[in-house]
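First the structure, in the form of structure tokens, and then the observations on it.
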Amino acid sequence: MSRFKKGVLREATIDVGAIAANVRHLRRLTESEVIAVVKADGYGHGAVRSAAAALEGGASRLGVADIGEALALRRGGIDAPILAWLHAPGANFREAAGAGIELGISSFDQLLQASAAASVDRPVSVHLKLETGLGRNGIAPADYRVVFAEAARLERIGKLRVIGLFSHLSNTSADDDRAALRRFEEGVGVAASAGLAPPLRHLAASHAAIALPETRLGCVRLGVTIYGLSPFDDRDSGDLGLRPAMTLRAPVVAMRRVPAAQGVSYGYTYRTEGETTLALIPLGYADGVPRHASSTGPVSIDGERFRVAGRIAMDQFVVDVGDHPVSVGDEAVLFGDPTLGVPSAREWADAADTIDYEIVTRIGPRVPRRQVSA
Ligand SMILES: *Cc1c(COP(=O)(O)O)cnc(C)c1O
């Protein structure tokens, strides 16, 4: 029987050794410089610890969505280059530039705001983001010439350093991604004729970095794979040589023997078939366990597989364990490394009709993260 640590109600263990090993593996596989993406609190794993582990595994740079996330990494003692690419209107580029944050620039206005944040002796480092078909932010092809010319001028007068050109793919199909790659290469050509020769070009995130080698361009932005999850529908983490870093667990907190036809949880959407035992698990949708996975989400208790019985509530759900010898204090694992016999985040994603990115990223702040290294 594996017993849960006394007095702990729930936890997510984060194997930082797995993150480092995943990055090491992906660097070798892609033969590229790795920008480790640690936005959204490191996809729920903790941004600072994920960044540190990724750097230890050989990532040379970090990527986050916004400046607030980048500054939090600096406060956490991370001094590697950090790129942030999603900005509020009127965002404080001065504070970001002062902390040495590199800015993703998606428009002429942002370019001017960035240059205005330069100090006399320190240019602002930027990566120019090109729109190549995703329909999100990025400099429109019609604006390439004007924006690149101004960027080159600002670089010449020492206000800016253009570190990179980048874009982001839709993962719709290999053909769609190749078409975006062609548009990106055209943009790179326009930038070169404007006098820009940045050291980095980066386009591929996890999916393309693995599936479409021609999109690697010597530098890839990897998120979900560094946490050991697969971006492919038809390949799981093990197939890719990756180890999931997060395990979500809780103790069984109560047991109840009940007769046949007993309704379970709100709405009695589950009724017991015969006399059985119900186990209560103290994790709910407030913790990021998707209510949509009610009556389907998998749970492993002492190596035995069960499913959620009835509705997942805010703080808890019930498992019908039949006559299995489960007792209060036994460990329930919702997901972790499936090669260890526990369910995967992908199984929860399937049960909730979503992707594993969302499962790990939404694990809530009420769940303490405990760092381990296997
Ligand atoms: C989130 C994100 C990534 C990482 O994507 P994964 O699929 O998790 O590897 C890379 N680039 C950008 C611009 C992103 O927003």
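Within the stretch 213-231, which residues are open to solvent by 10 Å² or more (accessible area, probe 1.4 Å) and more than 13 Å from Ala36 (Cβ to Cβ)?
Within the stretch 213-231, Pro213, Glu214, Arg216, Leu217, Gly218, Leu229, Pro231 meet the criteria.
Which residue pairs have Cβ atoms closer than 7 Å, lie 6 or more positions apart in sequence or on different chains, and pair a first residue in the stretch 221-245 that is within 25 Å of Ser167 (Cα to Cα) and among the polar types (S, T, N, Q) with a second residue that is within 8 Å of the ligand (Cβ to nearest atom) and not in a loop (DSSP other than H, G, I, E, B)?
These pairs meet every condition: Thr225/Ser206.
So, in the stretch 114-153, exactly how many residues are in a helix (DSSP H, G or I) and under 27 Å from Arg182 (Cα atoms)?
Counting residues in the stretch 114-153 that are in a helix (DSSP H, G or I) and under 27 Å from Arg182 (Cα atoms) gives 13.
Restricting to the stretch 345-372, and then to whatever is under 13 Å from Tyr227 (Cα atoms) and in contact with a strand residue (DSSP E or B) (Cβ under 6 Å, 6 or more places away or on another chain), can you tell me which residue is farthest from the ligand (Cβ to nearest atom)?
My answer is Ala345.
Restricting attention to the stretch 314-332, which residues are open to solvent by less than 10 Å² (accessible area, probe 1.4 Å) and in contact with a Ser or Thr (Cβ under 8 Å, 6 or more places away or on another chain)?
Phe317, Val321, Asp330, Ala332 - these are the residues of the stretch 314-332 that are open to solvent by less than 10 Å² (accessible area, probe 1.4 Å) and in contact with a Ser or Thr (Cβ under 8 Å, 6 or more places away or on another chain).
Quick one: in the stretch 38-58, of everything that is open to solvent by 10 Å² or more (accessible area, probe 1.4 Å) and on the phi < 0 side of the Ramachandran plot, which residue is nearest to the ligand (Cβ to nearest atom)?
This residue is Lys39.
Within the bounds of the stretch 160-174, is there any residue that is crowded, with 23+ Cβ neighbours inside 10 Å, in contact with a Ser or Thr (Cβ under 6 Å, 6 or more places away or on another chain), over 30 Å from Leu334 (Cα atoms) and among the aliphatic types (A, V, I, L, M)?
Yes.
Restricting to the stretch 218-235, and then to whatever is part of a loop (DSSP other than H, G, I, E, B) and more than 8 Å from the ligand (Cβ to nearest atom), can you tell me which residue is farthest from Pro81 (Cα to Cα)?
The first filter runs over the stretch 218-235 and keeps only residues part of a loop (DSSP other than H, G, I, E, B), leaving 218, 223, 228-235.
When the remaining residues are screened for being more than 8 Å from the ligand (Cβ to nearest atom), the result is 218, 228-230, 232-235.
Numbers: Gly218: 17, Gly228: 23, Leu229: 24, Ser230: 26, Phe232: 29, Asp233: 32, Asp234: 34, Arg235: 32 Å.
Selected residue: Asp234.
Residues are listed down the side, and each one gets a yes or a no for (1) within 26 Å of Gly223 (Cβ to Cβ); (2) out of contact with any Pro (no Cβ under 6 Å at 6 or more places or on another chain):
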{"position": "Leu130", "(1), (2)": "yes, yes"}
{"position": "Gly138", "(1), (2)": "yes, yes"}
{"position": "Glu150", "(1), (2)": "no, yes"}
{"position": "Gly164", "(1), (2)": "yes, no"}
{"position": "Ala174", "(1), (2)": "yes, yes"}
{"position": "Phe184", "(1), (2)": "yes, yes"}
{"position": "Gly195", "(1), (2)": "no, yes"}
{"position": "Leu200", "(1), (2)": "yes, yes"}
{"position": "Leu203", "(1), (2)": "yes, yes"}
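To keep it simple, each residue is scored yes or no on (1) open to solvent by 10 Å² or more (accessible area, probe 1.4 Å); (2) within 13 Å of the ligand (Cβ to nearest atom); (3) assigned by TED's automatic domain parsing to the domain that holds Asp41.
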residue	(1), (2), (3)
Val188	yes, no, yes
Thr269	yes, no, no
Ala279	no, no, no
Asp287	no, no, no
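Any idea how many residues of the stretch 288-316 are β-branched (Val, Ile, Thr) and under 15 Å from Leu340 (Cα atoms)? Give the steps one after another, and end with the answer.
Just the residues of the stretch 288-316 that are β-branched (Val, Ile, Thr), to begin with: 289, 296, 299, 301, 308, 312.
With the extra rule that they be under 15 Å from Leu340 (Cα atoms), the set shrinks to 299, 301.
So the count comes out to 2.
The values are calculated or read from the model by the stated rules, or taken from the named source; none is laboratory data. Given the structure is predicted, the values throughout are model-derived calculations rather than measurements. Methodologically, a virtual Cβ is constructed for each residue, glycine included, from the backbone with ideal geometry; neighbour enumeration extends over all protein chains shown. SASA here: full protein model, heavy atoms, side chains in, ligands and nucleic acids out. Shrake-Rupley method; radii C 1.70, N 1.55, O 1.52, S 1.80 Å.
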